[in-house]
Structure formats: C-alpha cells, structure tokens
Amino acid sequence: QVQLVESGGGLVQPGGSLRLSCAVSGSIFRFNAVGWYRQAPGKQRELVATITIGLSTNYADSVKGRFTISRDNAKNTVYLQMNSLKPEDTAVYYCHALAPLRAYWGQGTQVTVSS
C-alpha cells in the first residue's frame, strides 16, 4: 500500500520560508510524477508544483520564482522549498503521486502565513 507522509508545515511570517517534505513508501520510481497541491478554505484544490521521473518541473504561475520542487530518489522523498511566502499561500498542502493507473494523496500539512 502506498503511503505519502508530509512534514514541514507550520506558521511563518510573510516573507519567510518553509520546506515541505513528502516521504513516499517504497520506490519513488513507481510514479510518473510527484508533486504538491494545496487547498485554502473555501477554495478548490489547486496544483502548486510537480516533478516528473525525468526531472521536468511544472509550477503554478502564482508560485513561480518563489517555490522550488525537488526530489531525492535515494530517500524516496520529494521536497517543496517555499520562499517569500505570502498570506495567500496559506493552505493545506498535499503531496501527490501519479502512478500509471491511479493517483495517491497524502493527508496534508497546514501552512499558515501570518504576522
């Protein structure tokens, strides 16, 4: 059974940084792509960033230049480095893994950007 376990969320002031981690059970190579989505209160879940097995990346326009997605295949972990955080980045961040036949989701980690 696939498990995605997120960590690294928390409360940060505007302009601050956080790094999220997602530990994938088993081999990360089972997935065509892994990444991060987020959902703010009263809003739909939206894509933040993804990275493919070939290391191609894709970012939401709202986070380009501020967020960086990366992966450590040896540790079966995907990261999201978030810099210059804004209050509008406040949301629950979900790890996502896309396998050939289905997608998997983590439980989510809360990120709150507030002074």
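Couple of notes before you dig in:
- For the pair Arg102 and Ser17, a Förster radius of 41 Å applied to the C-beta separation gives a FRET efficiency near 0.80, rounded to the nearest 0.05.
- Taken along the Cα-to-beta-carbon direction at a fixed 7 Å, the label points for Ser115 and Ala74 span 4.2 nm.
- For the stretch 9-112: relative contact order, % (alpha-carbon pairs under 8 angstrom, 6 or more apart): 37 percent
- Anisotropy class of the chain from Cα gyration tensor, a/c 1.5 cut: prolate
- For the pair Arg66 and Leu47, label points projected 7 Å from Cα toward Cβ lie 1.9 nm apart.
- Considering only the chain, percent of DSSP beta bridges that pair antiparallel, nearest 5: 95 percent
- Annotation: Arg19 carries an accessible surface of approximately 130 Å², with a 1.4 Å probe and no ligand, DNA or RNA atoms counted.
- Taking θ as phi - 60° and the Karplus parameters 6.51, -1.76 and 1.60, the scalar couplings of the stretch 11-23 work out to 9, 9, 6, x, x, x, 10, 9, 10, 8, 10, 9, 8 Hz in sequence order, x denoting glycine and proline.
- Tensor-based shape of the stretch 36-92 (alpha-carbon gyration tensor, a/c under 1.5 rounded, otherwise prolate or oblate): prolate
- Calculated accessible area for the chain comes out at 53 Å² per residue, all protein chains present (probe 1.4 Å; ligands, DNA, RNA ignored).
- Share of carbon and sulfur in the accessible heavy-atom surface of the chain [1.4 Å probe, %]: 48 percent
- Charge tally for Asn83 (other residues, Cβ to Cβ under 13 Å; Lys, Arg +1; Asp, Glu -1): +3.
- Set of lysines near Lys86 by C-alpha distance (under 19 Å), chain-local residues within fewer than 8 positions excluded: Lys43, Lys64
- Relative to the Cα centre, the charge distribution of the chain, modelled as +1 at Lys and Arg Cβ and -1 at Asp and Glu Cβ, gives a dipole magnitude of about 120 debye.
The values are calculated or read from the model by the stated rules, or taken from the named source; none is laboratory data. Being a predicted model, the structure only gives us computed values, none of them experimental. Cβ: placed from backbone, ideal geometry, glycine included. Neighbour counts: every protein chain shown. All accessible areas refer to the heavy atoms of the entire protein, side chains included, with ligands and DNA or RNA removed. Shrake-Rupley method; radii C 1.70, N 1.55, O 1.52, S 1.80 Å.
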